[in-house]
Structures are given as structure tokens and as C-alpha cells.
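These notes are about the structure you will find just below.
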Amino acid sequence: MKEYLDMVKYVLDNGVRKKNRTGVDTISTFSYFYKVDLSKGYPLLTTKKVYFNSMLKELFWYLSGDEHIKELRKHTKIWDAWADEEGRLETAYGRFWRKYPVPKENHFNGEVWVDKDNKWTTEHQDGTLTFDQIQYIIDTLKEIKINPEASNGRRLIVSAWHPGNATISKLPPCHYTFAFNVQGDKLNCHLTQRSGDVALGIPFNLACYSLLTMMIAKECGYKVGEFAHTIIDCHIYENHIEGLKEQIKRTPKELPEIKIADKPFNELTPEDIELINYNHDPLIKFEVAV
Ligand SMILES: Nc1nc(=O)c2c([nH]1)NC[C@@H]1CN(c3ccc(C(=O)N[C@@H](CCC(=O)O)C(=O)O)cc3)CN21
Ligand SMILES: O=c1ccn([C@H]2C[C@H](O)[C@@H](COP(=O)(O)O)O2)c(=O)[nH]1
């Protein structure tokens, strides 16, 4: 994928050395943007082997809404370093995608808030009220297909950021908000990421949200459009520089395809997603900075 290799080259050429909490310095740039046309194939990098299956299980973990990795860690170790022995971790992507906390009382005068009777809220046994942002996106995309004047047509936002959680979490969400956008019969998605590890995180994030866009497009009756990605602190860890210099010498191969089983979105499982014709160069090993 040329767009990824261009990003690697840009950060290698322009990155400025910076310290961070991990103890492994990065070369870092501010606000990198690229987009890819999903109708040209599934953007899984071909210039190294990407563990599609780990990424797939990660996406279904997000969609499950689980705040722990008890199921995910049976399939991949990629999140183990941030969880305790019981599989609990403070990073709350899926938890907020599917169960964003809604205050039930003590609203300021004149504010509007959803209540337990709203279509996308759930009142849990302990009385907690939460909002399902993914179902909101799906239902709204279906609605604007029938009625393009529906009021939420340009309000298709999912947020994984809650300051009351993120500012004290051990690892607050990196990809913290995404937006869908319809142009004609095509569905586009824009992801904003506050911090992006070019060698390890970004290939997964790109593959994950591209697949999610394809799944939602199919569910809601759209063609796939573009995936766009803004990375605010876009960085390369110093121990990844050599591997990435090797990777940019490689020539991208034709992109693979994705086949999604004919099932309702909420019934899909990882087994319903098929990766076809994935031809790739050999794995490049990168160590993750914890
Ligand atoms: N420094 C850092 N970079 C990240 O990308 C990252 C974090 N921390 N912390 C939280 C999550 C965890 N993510 C990770 C963690 C590890 C791999 C990784 O080791 N990937 C290898 C092997 C994948 C596998 O074994 O399935 C790779 O080659 O992609 C990828 C993403 C993305 N995130
Ligand atoms: O999905 C992800 C999750 C994490 N990352 C990277 C970005 C950073 O290198 C680290 C997080 O460290 P912070 O100090 O919290 O920024 O993980 C990613 O690229 N993609």
C-alpha cells in the first residue's frame, strides 16, 4: 500500500526525536493524514505479513463491548501487556462503543439527555444507563438511505473518549473517535487517532476500521467508499527504524479482498469474515514498547 509507505517515508524524513513514557524514544511528526479507496481492495499491508487474525479478533472484541480481554487473549497476545491476570484492562474502546455511560440525574437545568426509553439506551440491572453508539450508526445510516434529509445525517460520530476515564486510565484510547459520511451511494469513514505507532499499531488500526466500514456498508446497503485517517502524534519508535527502512524498499503487491457472510451485522462472528488472495512479503519483527 503506497499510502502507508509514503507515511513511513514522511516520518523517517521529518520526524523529530522525542521522549515518551515507554522509555523507547520516537521520531515524531504532527498530524499526518492519508486516505485509501476501499473499492480498490482491502488495505492489509502486503510489504510485510500482517496478522489478520489477531486484528480480526481485536475488532470483534471491540464490537463485543467487553471491558476485559478474557476472550481476546485466548486468540492473541497483543493486548496482554496492558491487562492484569484476570484479563481486566483500563482501555475502554468497545465498552464505550457499545455502552457509553449516560448520566441519569443531576443534569444542569435546560440540558437534553437520552433516557431509558431512548432507542439506543440500555438500563442495566444495577441501574446504570448506557448508550450503544454502533447501533445508533447502523440505524441512522439505514434511515438516511430512505430519507437523506434525516437530521442526524452529518452526525454519525462514535467516541471512545470520556475525560472522566481517559485522563486517569493506564492506556486511554489511541483511536478515540470515528465518523461515517455518505456521498452518493458510498459509505466513507474517518478515524482520528491521538497517537500512532507507525510500525505496529497503524497497520492494525487501518485494517480494523477498513473492515468495520465494509461490514457496516454491507449491513446498511451502501457501496464501500474511502477510509481516511488522521494521526495526531504519528511516530516511529527508534528500534523500529531499521525494519521500516527495509520495508520501504519492498514493492506493494495487489491488495487482498474481503468476503463477508450474508448475515445481520450483530450476528457476524470472526468465522464469517474471509480474507482472499493475501500475498505478502515476509514478516518484519518489531518489538512493542510497553
Ligand atoms: N507501543 C504500542 N504500540 C501499539 O501499537 C499499541 C500499544 N503500544 N499498546 C496498545 C495496543 C496494542 N497493540 C498492538 C500490540 C502488539 C502488536 C504486535 O506485536 N504485533 C506484531 C505481532 C502480532 C501477533 O502476534 O499477532 C506484528 O507483527 O504486527 C500489535 C498491536 C496496538 N497498541
Ligand atoms: O490502537 C493503537 C493503540 C496504541 N497505539 C500506540 C500509539 C503509542 O505508540 C502507544 C500508546 O502510548 P501513549 O503514550 O498512550 O500515546 O500505542 C497505536 O498505534 N494504535
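Name every residue in the stretch 239-290 that is more than 16 Å from ligand 1 (Cβ to nearest atom), closer than 11 Å to residue 46 by Cβ and surrounded by fewer than 17 Cβ atoms within 10 Å (Cβ to Cβ), in order of residue number.
251, 252, 253, 254, 277, 279
Table: residues versus (1) modelled with pLDDT of 95 or more; (2) within 16 Å of ligand 2 (Cβ to nearest atom); (3) over 30 Å from residue 250 (Cβ atoms).
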site: 78; (1), (2), (3): no, yes, no
site: 81; (1), (2), (3): no, yes, no
site: 90; (1), (2), (3): no, yes, yes
site: 105; (1), (2), (3): no, no, yes
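Out of all the residues in the stretch 193-204, is one or more modelled with pLDDT of 95 or more, more than 10 Å from ligand 2 (Cβ to nearest atom) and not small (Gly, Ala, Ser)?
no
Sort through 129, 141 and tell me the only one that's in contact with a Leu (Cβ under 9 Å, 6 or more places away or on another chain), surrounded by 16 or more Cβ atoms within 10 Å (Cβ to Cβ) and of a type in the set (A, V, I, L, M, F, W, C).
141
Condition check: modelled with pLDDT of 95 or more, more than 18 Å from the chain's Cα centre (by Cα) and either over 21 Å from residue 136 (Cα atoms) or open to solvent by 30 Å² or more (accessible area, probe 1.4 Å) (or both). Does residue 226 satisfy that?
Taking the combined requirement at face value, the residue does not satisfy it.
All but one of (1) more than 14 Å from ligand 1 (Cβ to nearest atom); (2) in contact (Cβ under 8 Å) with a residue 12 or more places away in the chain; (3) more than 30 Å from residue 186 (Cβ to Cβ) hold for residue 39; state the number of the condition that does not hold.
(3)
Yes/no per residue for (1) buried (at least 18 other Cβ atoms within 10 Å of the Cβ); (2) in a helix (DSSP H, G or I); (3) in contact with a Leu (Cβ under 8 Å, 6 or more places away or on another chain):
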residue: 23; (1), (2), (3): no, no, no
residue: 56; (1), (2), (3): yes, yes, yes
residue: 81; (1), (2), (3): no, yes, no
residue: 113; (1), (2), (3): no, no, no
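Hey, among 219, 274, 242, which residue is part of a helix (DSSP H, G or I), among the charged types (D, E, K, R) and closer than 27 Å to residue 77 by Cα?
Among 219, 274, 242, only 242 is part of a helix (DSSP H, G or I), among the charged types (D, E, K, R) and closer than 27 Å to residue 77 by Cα.
Among the residues of the stretch 218-228 satisfying the criterion of being in contact with a Cys (Cβ under 9 Å, 6 or more places away or on another chain) and within 15 Å of residue 42 (Cβ to Cβ), which is nearest to ligand 1 (Cβ to nearest atom)?
So the residue we want is 227.
Here's a check for you: in the stretch 30-48, which residue that is touching an Asp or Glu at 6+ places or on another chain (Cβ under 8 Å) and within 15 Å of ligand 2 (Cβ to nearest atom) is least open to solvent (accessible area, probe 1.4 Å)?
34
Just give me the residues in the stretch 245-271 being within 30 Å of residue 64 (Cβ to Cβ) and assigned to a loop (DSSP other than H, G, I, E, B), in sequence order.
Within the stretch 245-271, 255, 256, 261, 262, 263, 264, 268, 269 meet the criteria.
Consider the stretch 222-236. How many of its residues are part of a strand (DSSP E or B), more than 10 Å from ligand 2 (Cβ to nearest atom) and not small (Gly, Ala, Ser)?
6
Residue-by-condition table, conditions (1) near ligand 1 (Cβ under 10 Å from one of its atoms); (2) among the aliphatic types (A, V, I, L, M); (3) open to solvent by 10 Å² or more (accessible area, probe 1.4 Å):
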{"position": "158", "(1), (2), (3)": "no, yes, no"}
{"position": "161", "(1), (2), (3)": "no, no, yes"}
{"position": "175", "(1), (2), (3)": "yes, no, no"}
{"position": "190", "(1), (2), (3)": "no, no, yes"}
{"position": "194", "(1), (2), (3)": "no, no, yes"}
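Under 26 Å from residue 220 (Cβ atoms) and crowded, with 19+ Cβ neighbours inside 10 Å: is that true of residue 146 in this structure?
Spelling it out, it is not the case that residue 146 is under 26 Å from residue 220 (Cβ atoms) and crowded, with 19+ Cβ neighbours inside 10 Å.
In the stretch 58-79, which residues are touching a Phe, Trp or Tyr at 6+ places or on another chain (Cβ under 9 Å) and assigned to a helix (DSSP H, G or I)?
Once the filter is applied, which keeps residues that are touching a Phe, Trp or Tyr at 6+ places or on another chain (Cβ under 9 Å) and assigned to a helix (DSSP H, G or I), the stretch 58-79 yields 58, 59, 61, 62, 63, 72, 73.
The values are calculated or read from the model by the stated rules, or taken from the named source; none is laboratory data. Here the structure is a predicted model, which means the values were calculated and not measured. Heads up, the Cβs are rebuilt from the backbone with ideal geometry, glycines too, and the neighbour counts pull from every protein chain shown. Note: accessible area is taken over every heavy atom of the protein model, side chains too, but ligands, DNA and RNA are not part of it. Shrake-Rupley method; radii C 1.70, N 1.55, O 1.52, S 1.80 Å.
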